[in-house]
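Below is one structure; the comments refer to it alone.
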Amino acid sequence: MLTKTTDVALLVLGALLLLLTVSGEAPNRSFQGDPAKITIDAGHGGYDSGAISGGISEKQVNLRIAREVEKLGEGHPELNFVLTRKKDDYLPLLDRLEFAEKNRSTAYLSIQANSFWDPDVHGVETILDKTRPRGSPSWNIGTSIQKSIVDWTGARDRGIRYQKLYTRYTEIPSALVEVGFLTSPMERNKLTNPHYQERVARGIVQGLLLYFST
């Protein structure tokens with residue numbers, strides 16, 4: 001005979017399984033003693049420079065911000081950052097996800113810089129794979145980081161956008177943040193400024209702290 005306690009446990013298990021079925025990823029995990037391990041991916045690298053504008057390559061900006069996130073993480077023991085690359089190396093996309101999974105990461109964030117033909121276009125946007133619906137862990141982490149970066153930098157808020165991304169091949173809650181447009185002279189000058197890079201990194205860290213503490 002099932003007890004009331006057993007009934008409750010089955011209901012909770014059922015809810016978790018339903019969440020995994022709908023979103024294809026693990027549910028949100030709050031701080032419970034162990035730090036949240038988060039893979040930070042500096043997009044591009046090596047022979048893949050990413051966007052180039054005004055003599056600045058995207059891979060350099062991405063790596064500097066990722067290293068700043070790692071540095072800031074030292075002051076937050078509740079977060080444990082691991083980087084897919086710490087120098088100018090190229091790593092295939094699926095290898096980046098495999099790295100995150102082998103490290104048992106609870107979240108995956110790729111840092112990118114944007115480009116567009118119109119130099120007047122600027123701002124921060126966060127991109128999710130189409131398999132990560134509104135209300136999923138990826139959506140929650142993406143919205144938290146997006147808002148926090150905008151708050152810390154004052155950049156234009158371009159919101160959450162959807163594309164078909166390689167992150168569909170992992171169940172880890174994942175997002176890709178475009179920290180600004182290198183093709184915007186105004187924003188390119190900011191993105192190459194160490195002080196502004198630090199503010200972007202602080203936005204990322206604070207967004208993650210908020211996500212994992214709720």
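The values are calculated or read from the model by the stated rules, or taken from the named source; none is laboratory data. All of these numbers come straight from a predicted model, not from anything done at the bench. All Cβ positions, glycine included, derive from the backbone under ideal geometry; neighbour counts span all protein chains shown.
Hey, does the stretch 182-189 have a residue that's surrounded by fewer than 23 Cβ atoms within 10 Å (Cβ to Cβ), in contact (Cβ under 8 Å) with a residue 24 or more places away in the chain and of a type in the set (V, I, T)? Scanning the stretch 182-189 turns up at least one residue that is surrounded by fewer than 23 Cβ atoms within 10 Å (Cβ to Cβ), in contact (Cβ under 8 Å) with a residue 24 or more places away in the chain and of a type in the set (V, I, T). Is it the case that S110 is of a type in the set (S, T, Y) and touching an Asp or Glu at 6+ places or on another chain (Cβ under 6 Å)? Yes. What do you reckon, is K86 in a helix (DSSP H, G or I), free of Cβ contacts under 8 Å to residues at least 60 places away in the same chain and either surrounded by fewer than 19 Cβ atoms within 10 Å (Cβ to Cβ) or out of contact with any Leu (no Cβ under 8 Å at 6 or more places or on another chain) (or both)? No; evaluated as a whole, the condition is false for this residue.
Summed over the stretch 57-83, the residues that are out of contact with any helix residue (DSSP H, G or I) (no Cβ under 6 Å at 6 or more places or on another chain) and not in a helix (DSSP H, G or I) give a count of 8.
Of everything in the stretch 89-136, what is assigned to a loop (DSSP other than H, G, I, E, B), farther than 30 Å from N189 by Cβ and not basic (K, R)? Give them in sequence order.
Within the stretch 89-136, the subset assigned to a loop (DSSP other than H, G, I, E, B) is 89-92, 103-106, 115-123, 130-136.
The next check asks that each one be farther than 30 Å from N189 by Cβ; those that pass are 92, 103-106, 130-136.
Scanning the stretch 89-136 gives P92, N103, S105, T106, T131, P133, G135, S136.
Would you confirm, using the coordinates I've provided, whether R168 is within 25 Å of A51 (Cα to Cα) and in contact with a strand residue (DSSP E or B) (Cβ under 8 Å, 6 or more places away or on another chain)?
Numbers: within 25 Å of A51 (Cα to Cα): yes; in contact with a strand residue (DSSP E or B) (Cβ under 8 Å, 6 or more places away or on another chain): yes.
Answer is yes for this residue.
On inspection, K86 fails the criterion of being at pLDDT 95 or above, in contact with a strand residue (DSSP E or B) (Cβ under 9 Å, 6 or more places away or on another chain) and under 28 Å from R156 (Cβ atoms). Annotation note: of S105, S148, S115, S136, the sole residue that is under 20 Å from E70 (Cα atoms), of a type in the set (S, T, N, Q), surrounded by 16 or more Cβ atoms within 10 Å (Cβ to Cβ) and in contact with a helix residue (DSSP H, G or I) (Cβ under 8 Å, 6 or more places away or on another chain) is S148.
So which residues in the stretch 145-160 are part of a helix (DSSP H, G or I) and without any contact (Cβ under 8 Å) to a residue 24 or more places away in the chain, if there are any at all? Don't jump to the end; show me each part of the working.
Residues of the stretch 145-160 that are part of a helix (DSSP H, G or I), as a first pass: 145-153.
Result: no residue meets the conditions.
Being in contact with a helix residue (DSSP H, G or I) (Cβ under 7 Å, 6 or more places away or on another chain), more than 19 Å from A201 (Cα to Cα), surrounded by fewer than 19 Cβ atoms within 10 Å (Cβ to Cβ) and not hydrophobic (A, V, I, L, M, F, W, C) is not true of G46.
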